[in-house]
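Remarks on the structure that follows.
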Amino acid sequence: MNVIYYFDVCAFLVLVIILISLFMRKLIHGRINGTFIVMVFVTLLCTIFDMLSVAPLSMFGHVSVGVRIFASYAYFVVHASILPAYSIFIGMISGTWYMYLKRNLRNKIFFSVPYMINLLFIIINPFTNWIIRFPKGHYERGEYIWVIYLIAAFYMAHTMVYLLKYKDTIEKSKMFALAAIYPIIIISAVIQFILPSHLIEMFSITTSLLIIMIFVIKPEETIDTAVGAKTMTAFKNDTKRLYFDGNGGDLILIKVKNDSSLVSLYGLNAHQTVVKKAVSRMDKVFSSVPKPGNYYNIYYLSYGLFAVEMKGDYDADDICDRIEAELSKPIRTGEFVFNFECSLCLLDIPKDIPAHSELMAFVDTYDKSEIESGSIVYSKLGESDKIRFKFDIDKYIERGFAKDNFKVYYQPIYSIKEHKFVSAEALLRLIDDEIGFISPALFIPAAEKSGAIYQIGDFVIDSVFKFIRDHDLKNMGIEYIEINISTMQCMKEDFVDNVKKKIREYGISNKSFNFEITETASDFLSDVLTKTVTKLHNAGIEFAIDDYGTGYSNLQRILQEPVKIIKLDKSLADDLGNIRTRAVLKSTMQMITEIGAESVIEGVETKETADWFIEHSCDYIQGYYYARPMPENEFLEFVHRHNAAG
Ligand code: C2E
Ligand code: CA
Ligand code: CA
């Protein structure tokens with residue numbers, strides 16, 4: 001028979017290229033890469049033996065009958081390993097292989113017995129000639145060759161069932177690439193059956209491997225080489241596996257609270273170097289506690305957010321403490337010295353958070369919520385504290401609306417010049433039937449994430465406008481109410497029209513309220529936001545900048561916007577003991593006055609603090625020292641009592 005062996009030659013070339021590219025791109029470490037290299041290598045050997053055993057002699061010069069027979073046996077031996085290796089590869093990709101084989105003797109037997117039978121048939125073939133025989137030195141199929149095909153079919157079916165069973169742990173695009181091997185092999189088998197002289201099989205397997213290399217072996221997706229940590233994509237997949245694997249594992253989430261100010265102060269380049277150093281410090285923590293069989297992964301999820309996964313018998317609390325200690329030491333790069341302010345959260349998965357989707361939501365909420373520095377252990381948190389970070393806060397928001405549990409409170413603001421309360425800030429309250437008070441600092445970020453912020457925003461505006469309409473606040477000395485709006489609300493297309501419509505509907509003056517937006521938002525002021533602010537300003541509505549002094553404050557920039565009031569953040573009031581803070585405050589307040597705007601200091605709790613600001617010509621004071629936020633009636637009473645007396 002004259003065989004067409006060019007397909008084998010092509011397969012050979014492609015396999016060599018795949019191997020070279022794997023080594024050149026350093027895709028050789030780790031279990032997945034390792035298994036893939038084994039598969040490519042075995043396929044390469046198989047191709048070589050295939051050619052040696054059946055190709056026309058002219059191709060290799062003289063090939064003796066002995067070499068041909070040896071090559072045929074070698075072909076069958078390596079060929080037997082390709083499909084089982086593929087099964088193992090799929091198991092590695094889904095991250096479930098360890099639990100499938102390592103901890104289950106029955107599976108182990110089930111998986112390896114067909115392979116053993118295959119090898120056995122080849123070993124006894126010289127006596128039985130069941131698989132192959134060589135009449136006149138030429139290769140011919142034996143009468144039991146179907147056993148080999150049957151075993152191949154077994155592994156194909158096994159892999160397919162495995163793939164389907166664990167499909168949730170593999171991304172879609174990868175699933176397609178991994179499943180492509182089936183149609184390819186089936187088509188090639190059909191072709192080979194019709195045209196037996198075409199050696200197409202190895203080429204078809206090679207094509208499948210090529211597809212896998214392109215779609216599945218993607219280091220750029222899982223490793224952020226710039227900082228030397230794994231990516232968010234890798235985190236999503238790896239943590240999915242924590243839920244499939246019976247063992248679970250420990251996770252530490254690390255939030256760098258001052259990350260955005262570090263970026264704006266030092267620039268992206270220096271920041272990246274620092275992140276890289278932070279990662280290697282975490283690495284150091286693990287290398288100081290070597291434990292064979294254990295493993296860990298470090299992830300850089302997004303700006304200012306890291307995660308560490310540990311499996312095995314690490315002392316998770318201890319590791320957590322050590323990482324915290326490592327990260328709180330100053331990090332130097334060139335002339336810069338960075339000081340991370342971190343908060344860490346230790347989670348025991350799946351015990352603490354029972355589903356992967358909840359974990360991902362938790363990571364999001366954790367990233368967005370305000371947390372004190374230091375480390376916390378999730379399982380040691382009290383119920384109410386867990387709610388603070390709770391992923392299903394959306395549920396409480398929904399219930400809040402259904403049961404009418406949202407209320408707007410008012411915190412009076414004192415005018416130093418007029419010696420009375422002239423305005424108030426509207427602050428939203430959610431009092432849940434079961435768990436009681438939920439802080440807006442918690443549910444506002446969650447609402448921004450879920451989109452509930454629009455409903456919340458409308459609710460607050462309606463409540464405040466109604467309050468203004470129903471009471472003659474002006475007569476009581478209250479000039480205007482300050483309403484907090486989130487950037488997201490502001491960015492909504494119909495926001496301005498909506499506000500104008502509501503003003504008409506309630507028949508209130510556009511001077512009876514103003515909007516507060518936070519300083520960080522205004523710092524990264526987008527065009528949309530600026531446009532909204534300008535449009536509202538043109539409609540006679542004033543703005544206040546909230547939380548000034550918390551981010552990378554740029555007063556010049558802010559004052560270019562039509563802003564009437566600057567609210568100095570509570571942290572500045574708390575830091576009055578610091579001579580530099582006092583100096584910054586003095587010059588800031590002076591600049592605000594010069595520009596024709598007004599300053600409010602927030603969060604004043606003591607007489608001393610109030611006195612300092614009175615002395616240094618701040619315009620308004622807000623804080624518990626004067627009054628806490630209170631419900632409508634109490635507020636009215638309060639103002640009535642104080643403003644009348646004053
Ligand atoms: P914020 O706008 O900076 O509001 C001031 C916060 O400081 C309020 O917290 C207020 O209760 C608190 N505060 C006032 N005086 C003192 C004091 O002397 N000492 C201390 N320790 N705290 C004081 P609250 O009500 O928990 O609100 C937290 C944040 O939630 C607000 O910070 C604001 O960003 C957001 N928020 C509240 N209501 C709304 C709303 O209706 N819409 C939007 N978008 N955000 C809101
Ligand atoms: Ca505010
Ligand atoms: Ca504020």
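The values are calculated or read from the model by the stated rules, or taken from the named source; none is laboratory data. Quick caveat: nothing in here was measured; it's all calculated off a predicted structure. Reconstructed Cβ throughout: ideal geometry from the backbone, glycine too, with neighbour counts over all protein chains shown.
List of remarks:
- Single residue of the stretch 566-592 satisfying the filter (closer than 21 Å to I517 by Cβ and β-branched (V, I, T)) that is nearest to ligand 2 (Cβ to nearest atom): I566
- Residue selected from the stretch 448-481 under the condition more than 23 Å from I397 (Cα to Cα) and charged (D, E, K, R), by the criterion surrounded by the most Cβ atoms within 10 Å (Cβ to Cβ): E479
- So T239, is it surrounded by 18 or more Cβ atoms within 10 Å (Cβ to Cβ), outside the structural domain of Y166 (by TED's automatic domain parsing) and of a type in the set (S, T, Y): yes
- Some residue of the stretch 257-269 being more than 28 Å from E220 (Cα to Cα), at pLDDT below 90 and of a type in the set (K, R): no
- Filter result for the condition that a residue is under 21 Å from A441 (Cα atoms) and either in contact (Cβ under 8 Å) with a residue 40 or more places away in the chain or part of a helix (DSSP H, G or I) (or both), over D546, D611: D546
- Of all residues in the stretch 186-205, those satisfying the criterion of being farther than 20 Å from M160 by Cβ and either in contact (Cβ under 8 Å) with a residue 24 or more places away in the chain or not β-branched (V, I, T) (or both) are Q192, F193, L195, P196, S197, H198, L199, I200, M202, F203.
- Looking only at the stretch 493-533, and only at residues there that are farther than 27 Å from L473 by Cβ and surrounded by fewer than 16 Cβ atoms within 10 Å (Cβ to Cβ), the one that is modelled with the lowest pLDDT: F524
- Of all residues in the stretch 289-302, none are more than 29 Å from R31 (Cα to Cα) and either more than 20 Å from the chain's Cα centre (by Cα) or assigned to a helix (DSSP H, G or I) (or both).
- Selected residue [within 43 Å of the chain's Cα centre (by Cα), under 28 Å from F437 (Cα atoms), in a loop (DSSP other than H, G, I, E, B) and not small (G, A, S)] from V604, V600: V604
- Residues in the stretch 152-193 that are within 29 Å of T233 (Cβ to Cβ) and of a type in the set (G, A, S) were compared, and the one that is farthest from the chain's Cα centre (by Cα) is A180.
- Failed condition for Y409, given (1) aromatic (F, W, Y); (2) touching a Lys or Arg at 6+ places or on another chain (Cβ under 8 Å); (3) over 20 Å from Y625 (Cβ atoms): (3)
Results for (1) of a type in the set (A, V, I, L, M, F, W, C); (2) within 18 Å of S208 (Cβ to Cβ); (3) outside the structural domain of M92 (by TED's automatic domain parsing); (4) in a loop (DSSP other than H, G, I, E, B), shown as yes or no for each residue.
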{"position": "L13", "(1), (2), (3), (4)": "yes, yes, no, no"}
{"position": "V16", "(1), (2), (3), (4)": "yes, yes, no, no"}
{"position": "L19", "(1), (2), (3), (4)": "yes, yes, no, no"}
{"position": "H29", "(1), (2), (3), (4)": "no, no, no, yes"}
{"position": "I32", "(1), (2), (3), (4)": "yes, yes, no, no"}
{"position": "F36", "(1), (2), (3), (4)": "yes, yes, no, no"}
{"position": "V40", "(1), (2), (3), (4)": "yes, yes, no, no"}
{"position": "T43", "(1), (2), (3), (4)": "no, yes, no, no"}
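- Pairs where the first residue, in the stretch 623-643, is without any contact (Cβ under 8 Å) to a residue 40 or more places away in the chain and the second is among the small types (G, A, S) and within 16 Å of ligand 3 (Cβ to nearest atom), C-beta under 6 Å, 6+ apart: none
- Residue within the stretch 242-253 that is closer than 17 Å to F7 by Cβ, among the polar types (S, T, N, Q) and modelled with pLDDT under 90 present: no
- When V9, V40, V65 are checked against the criterion of being exposed (fewer than 13 other Cβ atoms within 10 Å of the Cβ), of a type in the set (V, I, T) and touching a residue at least 24 places away in the same chain (Cβ under 8 Å), V65 stands alone in meeting it.
- Looking only at residues in the stretch 377-398 that are in contact with a strand residue (DSSP E or B) (Cβ under 7 Å, 6 or more places away or on another chain) and surrounded by fewer than 17 Cβ atoms within 10 Å (Cβ to Cβ), the one that is modelled with the lowest pLDDT is S379.
- Subset of the stretch 182-203 that is among the hydrophobic types (A, V, I, L, M, F, W, C) and in contact with a helix residue (DSSP H, G or I) (Cβ under 7 Å, 6 or more places away or on another chain) - its residue that is farthest from I90 (Cα to Cα): L199
- Candidates I211, I298, I223, I252 - the one that is aliphatic (A, V, I, L, M) and under 30 Å from A80 (Cβ atoms): I211
- Annotation note: of E171, E143, E220, the sole residue that is in contact with a helix residue (DSSP H, G or I) (Cβ under 8 Å, 6 or more places away or on another chain) and acidic (D, E) is E171.
- Among the strands (runs of 3 or more DSSP E) confined to the stretch 395-505, the ones with at least 3 residues that are away from ligand 2 (no atom under 16 Å from the Cβ), in contact with a Phe, Trp or Tyr (Cβ under 8 Å, 6 or more places away or on another chain) and farther than 21 Å from V600 by Cβ are located at 420-432.
- Taking the stretch 551-610 as the range and being under 24 Å from S260 (Cα atoms), surrounded by 13 or more Cβ atoms within 10 Å (Cβ to Cβ) and of a type in the set (S, T, N, Q) as the test, the residues that pass are S553, N554, S571, T581, T588.
- Among the residues listed as Y548, Y552, the single one being within 16 Å of ligand 2 (Cβ to nearest atom) and modelled with pLDDT under 90: Y548
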